[in-house]
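The values are calculated or read from the model by the stated rules, or taken from the named source; none is laboratory data. As the structure is a prediction and not an experimental result, all values here were calculated from the model. Glycine also receives a Cβ, built like all others from the backbone with ideal geometry; neighbour counts cover every protein chain displayed. When the accessible area is computed, the model is the full protein with side chains, heavy atoms only, and any ligands, DNA or RNA have been set aside. Shrake-Rupley method; radii C 1.70, N 1.55, O 1.52, S 1.80 Å.
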Amino acid sequence: MARNKFDVDENLESPFNIKHLKRSFIYIKKHSKKMILSLVLSGLSVICALITPKIVGYAVDYTIPNQDFPQLLLLAIAMAALIGLSVFFALIRSKYMAYVGQDIIYDIRKDLFEHLQELSFQYYDDRPHGKILVRIVNYVNNVSDMLSNGIINFVLETFNIIFILIFMFTTNVQLTLIVLTGVPVFLIFIFIIKPKQRRSWQAVSNKNSNLNAYFQESIDGTKITQSFVRQKENANIFDKLNRANKDAVMYAVRLSNFVPFTVDNISVIVISLMYLGGIAWTAQVVSFGILVTMGDYAWRLWQPILNIANLYNNLINTLSYLERIFETIDEPVTVKNAEHATLLPPITGNVVFEDVTFSYDGTKNILEHLNLDIKAGESIALVGPTGAGKTTVVNLISRFYNVNGGAVKLDGNDISQVTLHSLRSQMGIMLQDSFIFSGNIIDNIRYGKLDATEEEIKKACETVRASEFIEEMEDGYYTQVQERGGRLSQGQKQLIAFARTLLCDPKILILDEATSSIDAKTEKLLQEGLQKLLVGRTSFIIAHRLSTIQHCDRILYIADKGVAESGSHEELMKKKGLYYQLYTAQLEQA
């Protein structure tokens, strides 16, 4: 998909869609009690703050002219108390909303991660991992404040405007109307600029996603970059993406800054007009105290208007992030349990492919009308040219992908009709990528069998000849390793992955290039251990070094979207067909 390349934006022109905000209320409702309490506290804080201008106006008009200093002291104490209460309520509210914000982050991330765990290999095949990561980290962080404080602040600022207007109208109607003349001008400005702001912040989201995708890819490929001396070229690519991100941010910020600039100018103009009107009416209508009070309220009125405009701007940003988050959550789980899936009973290991057709992209078939019948306990080697479908065959047995036609059956059970857990828990799968997680070696080995004892782990390691190098390390099985096993050789990583696979004691064993990075001496010892281990298990072995699979019961040569040849090593050598040519070519190269 082109939209998932690191240098291609994702759906830049998506329209304003309020449904994303409505959907986010699922997370807000869980914390509704705290949010309502926060709103009440905020309202009390605002009311306390709005009473103070009335006190100032009264003092200016009556207390100070009458030189009533005891009353002036009481008014000062009352103001101090009201300000203190306003601050106190605001602090308590901030504490509650901090908890709510972090709870929302936790809930969204939990849902995202759990869903990502369920998505098929196809989803990860199609997307730069950096674009997935930025949604879980950056986007969730960005939406949490809006979904917690933002919603409360929007309601609060609305009430704030209402309260201020009530106080203003009860103070002086004429001056209030003068102040309100600027509101229609501001609304027209907002109507014009907001669509541009929405598109600009969507662009920021896209450029940031592109930047993260390339950054993630560059970290994963650092060794290759340095090996091919690609630092300068990669720096240029990153600079281009980084500059595009910067330009997008600066453009969005410039548009956003128009809002407070406009509010400041409109507020200054209307407040100036209010003072001019007040001066003109002072002798007959407006006292100096009222003018002071109205001036305070007028400045206060435009602040929540500006805040609402900024909140709307943040809402636009949040919707663009929510769109990406919900897009991920809504990504269909294509490989999942059928509606009435049953538990796969303990299997013996019979595997049957019935007229199986499969394509990764829906256009080009990798396999067509494939039929196989593997008996329990058989060892099957898959050989053939690169891209012919060897790994595809074993991926379909594990149901990492759904077949497009036909069926794969284990002991007569269609694997599409059994639960994934009951299927995969009876398999031992070693993929080409011997992924090592950060942590210690023993935890990496027991990754698929958490209740495994140290004795079981050491026995598995002895079988695959991993115990020798593990026991020589500084902390033995408890030696710490980095993500992807940075301090281990490729061969050592493969042996650890091998031990992890065998520890599960599977009925079906799948080894995809399991010995490709292991030295010849270790491989010979490993083969001796495997011969004993494979007895009584159905095994599928993919190997490019044909010397390692001669002992298999059957060798399947995969080519032309199916099985081109099938037989034992001796039978295929006598046939002098495709396998014979491949084998003799390897001997000549040796």
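The table that follows gives values for the structure above.
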{"quantity": "For the chain, share of DSSP beta bridges that run antiparallel, in % to the nearest 5", "calculated": "55 percent"}
{"quantity": "Long-range tail of P(r) for the range 319-409 (Cα pairs > 23 Å, %)", "calculated": "39 percent"}
{"quantity": "Sulfur and carbon atoms: percent of accessible area, the chain [1.4 Å]", "calculated": "59 percent"}
{"quantity": "Gained length - residue 531 relative to residue 229, 0.36 nm times residue gap less alpha-carbon distance", "calculated": "104.4 nm"}
{"quantity": "Table column - 3J(HN,Hα) (Hz), the range 408-423, Karplus curve with 6.51, -1.76, 1.60, x for Gly and Pro", "calculated": "10, 10, 10, 6, x, 9, 5, 5, 6, 10, 10, 5, 4, 5, 5, 6"}
{"quantity": "Percent of Cα-Cα distances greater than 22 Å, calculated over the range 45-128", "calculated": "58 percent"}
{"quantity": "Computed magnitude of the charge dipole of the chain (debye, nearest 20; Cβ of K, R +1, Cβ of D, E -1)", "calculated": "1360 debye"}
{"quantity": "Listed residue (197, 416, 341) projecting farthest to the positive dipole end of the chain, Cβ model", "calculated": "197"}
{"quantity": "Within-12-Å neighbourhood charge of residue 40 [Cβ basis; K, R +1; D, E -1]", "calculated": "+3"}
{"quantity": "Hull volume in cubic angstrom per residue (convex hull over the Cα atoms of the chain)", "calculated": "209 Å³"}
{"quantity": "Per residue accessible area of the range 120-264, 1.4 Å probe, in Å²", "calculated": "52 Å²"}
{"quantity": "Rounded to the nearest 10 Å², the accessible area of residue 336 at probe 1.4 Å", "calculated": "110 Å²"}
{"quantity": "Fully extended contour minus Cα-Cα distance, from residue 33 to residue 122, at 0.36 nm per residue", "calculated": "27.9 nm"}
{"quantity": "Mean Cα-pair separation over length for the range 361-442, i.e. relative contact order, pairs under 8 Å, 6 or more apart, %", "calculated": "18 percent"}
{"quantity": "Nearest-10 value in Å² for the accessible area of residue 463, using the 1.4 Å probe", "calculated": "40 Å²"}
{"quantity": "Cα→Cβ-extended label distance, 7 Å offset, between residue 544 and residue 354, nm", "calculated": "3.7 nm"}
{"quantity": "Listed peptides 535-546, 569-580 by packing density, highest first (mean Cβ within 10 Å)", "calculated": "535-546, 569-580"}
{"quantity": "Listed residues 294, 234, 20: farthest to the positive end of the dipole of the chain (Cβ charges)", "calculated": "294"}
{"quantity": "Relative contact order (%) - the chain, alpha-carbon pairs under 8 angstrom, separation at least six", "calculated": "14 percent"}
{"quantity": "Selection from 52, 573, 325 lying farthest towards where the dipole of the chain points positive, charges on Cβ", "calculated": "52"}
{"quantity": "Cα centre as origin, Lys/Arg/Asp/Glu Cβ charges: the range 286-422 dipole, Debye", "calculated": "360 debye"}
{"quantity": "Cβ-derived FRET efficiency at R0 22 Å, residue 433 paired with residue 570, nearest 0.05", "calculated": "0.10"}
{"quantity": "Probe 1.4 Å - accessible area at residue 68, Å² to nearest ten", "calculated": "60 Å²"}
{"quantity": "Surface accessible to a 1.4 Å probe, per residue, for the residues of the range 374-459, Å²", "calculated": "42 Å²"}
{"quantity": "By accessible area with a 1.4 Å probe, ligands and nucleic acids excluded, highest first: order of 263, 137", "calculated": "137, 263"}
{"quantity": "Separation of the residue 402 and residue 71 label points, Cα + 7 Å toward Cβ, nm", "calculated": "8.1 nm"}
{"quantity": "14 Å beta-carbon shell around residue 100, net charge (K/R +1, D/E -1)", "calculated": "+3"}
{"quantity": "Partner lysines for residue 246 [C-alpha distance under 24 Å; skip if fewer than 8 residues away on the same chain]", "calculated": "5, 131, 194, 196, 207, 232"}
